[in-house]
Amino acid sequence: MADRREIEGEIIMGWADRKRPSLDVRKDAQGRVVRVATSVGDLQGLITPTDLRYVVVQLDAPDPVHPDDWSLSIGGEVERPIELSLEELQRFPGATVRCVHECSGSEADFFDYLKSGGETYGCNRCEHVEGKPNRLDPEAQHQGIMSAGEWTGVPLATVLEKAGIKPGAVSVLAQGFDRGLPAEWAMHGALAIPDEEISYEKSLPLKKALDRDTMLAWALNGEYIRHIHGGPVRLVTPGWSGNWSVKWLQKLEVLDHLPKLYYQNQYFYLGQTPDDPDKKMITAMGVKTFITEPRDDDPPLPRGAHVIRGLAWSGAGRITRVEVSVDGGETWQDAHRELPHERWLWQRWSHLWHAESPGKYSIMARATDEAGRVQPQIGWNVLRKNFDGIVPVDVEIE
Ligand SMILES: Nc1nc2c(c(=O)[nH]1)N[C@H]1C(S)=C(S)[C@@H](COP(=O)(O)O)O[C@H]1N2
Ligand SMILES: [Mo]
């Protein structure tokens, strides 16, 4: 009898199982996982399985805190400063939200790729190389750092109401219990290094802090949040770039101003140069589509019917339209969008393509969201953040 392993893939609990999607996992000198990337091309549903979820740790990976030892302090411009244990937090009326998280640095190489007219791309530290970044390869630079999840917790607004926000409040500072200096992999040209150890902290403008979907989450995909994803409790800011969802939460402080913070104004911003007077804080994601099939690395395809598939999402609400072009953007047709059409989750879409004549085709897709924003929204910027451009898939029909 042939080895079951050869036929089916892994052996799980004694039984031959299907092949598992591949992850790119990086560790620090202590062997702790600090970065995980995984391809949305391997995703069979809408929710990224927790084992496949991307991970970005900017400072030193902190030691885990046991849920029984964890508490959250809420102070600053509030009537009644409070400290909540996990159990106390869980007594508030709960909520669940499903959303896409994407790291601001996701797909950064495509800025250069589109700028070069589809000839070359580069990274912040390396020479430009010929060709196109492979967006479905988790080992490729800046790829695979987006995931969708179902979060359960309590709306941040509910907890802030309990403490009583004072008039004049402007932002809510959220601080994690991780500290350190930015990791070496995370540093590049246009960035200043802080001169002492810092905490990971962000200060959420009050309007977003009070948004009914902004939450203090303790569960992800139906289980308590694992340490690596920011447990016991993390902030979740649907629609806004991944870096706003502060992990390992320990402190909330209501402020009467918007402070200048390393991970708010220096490490993350949109601007043409480091001292651009029109520098903008990074907030909502753009509007974006991702073609998952066909792929650039497919062999020449036969003539006939092919299904073009993908995922679309936006930082400003639900997707209302996805269009596909098979002639490099000359003409566009509406794609079929599958349900559900949720506010913060990506939508799966498909388009039946009858490829009658042999030749090379450039397949494109573009999305529109309920705010009326059409892809792309975010142009080239010096830190190459929040890419949402239209990247063609190049295929050949035999
Ligand atoms: N405390 C803390 N929160 C953090 C980070 C961090 O390093 N420390 N990384 C941020 C960044 S840059 C991203 S993209 C997301 C990643 O969340 P994940 O690791 O669960 O995917 O968390 C954000 N929150
Ligand atoms: Mo990120």
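Per-structure values
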item: Residue-level accessible surface for Leu114, protein heavy atoms, 1.4 Å, Å²; result: 70 Å²
item: Gain on full stretching of the segment that runs from Lys207 to Met13 - 0.36 nm per residue minus C-alpha separation; result: 65.0 nm
item: Segment 5-64: relative contact order as a whole-number percent, Cα under 8 Å and 6+ apart; result: 24 percent
item: Candidate residues Arg91, Arg53, Arg309: accessible-area rank, largest first, probe 1.4 Å; result: Arg91, Arg309, Arg53
item: Alpha carbon centroid spacing (whole Å) that separates segment 42-73 from segment 208-236; result: 9 Å
item: Calculated FRET value between Trp332 and Asp68, using beta carbons and R₀ = 45 Å, to 0.05; result: 0.20
item: List Ile225, Ile165, ordered by accessible area with a 1.4 Å probe, largest first; result: Ile165, Ile225
item: Mean residue ellipticity (222 nm) of the chain, computed from DSSP H runs ≥ 4 via -39,500 (n - 2.57), nearest 500; result: -1500 deg cm²/dmol
item: Solvent accessible area, Å² - Arg343, 1.4 Å probe, full protein context; result: 70 Å²
item: Whether the chain is rounded, prolate or oblate, judged on the alpha carbon gyration tensor where a/c under 1.5 counts as rounded; result: prolate
item: Distant-in-sequence amide H partners of Thr120 (H built 1.01 Å from N, under 5 Å); result: Gly131
item: Rounded accessible area of Phe177 (nearest 10 Å², 1.4 Å probe); result: 40 Å²
item: Distance between segment 349-397 and segment 286-306 - C-alpha centres, whole angstrom; result: 11 Å
item: Heavy-atom accessible surface of segment 78-193: percent carbon and sulfur, 1.4 Å; result: 49 percent
item: Gaussian network model of the chain, springs between alpha carbon atoms under 10 Å - residue of Ser325, Ser171, Ser22 with greatest fluctuation; result: Ser22
item: Per residue, in Å², the accessible surface of segment 1-109 once ligands and nucleic acids are set aside, probe 1.4 Å; result: 57 Å²
item: Heavy-atom accessible area ranking, 1.4 Å probe, most first, across His306, His341, His128; result: His128, His341, His306
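The values are calculated or read from the model by the stated rules, or taken from the named source; none is laboratory data. The structure presented is a predicted model; accordingly, all values stated were derived computationally and were not measured. Backbone-built Cβ (ideal geometry, glycine too); neighbour counts: all protein chains shown. For accessibility, only protein heavy atoms count, side chains too; no ligands or nucleic acids. Shrake-Rupley method; radii C 1.70, N 1.55, O 1.52, S 1.80 Å.
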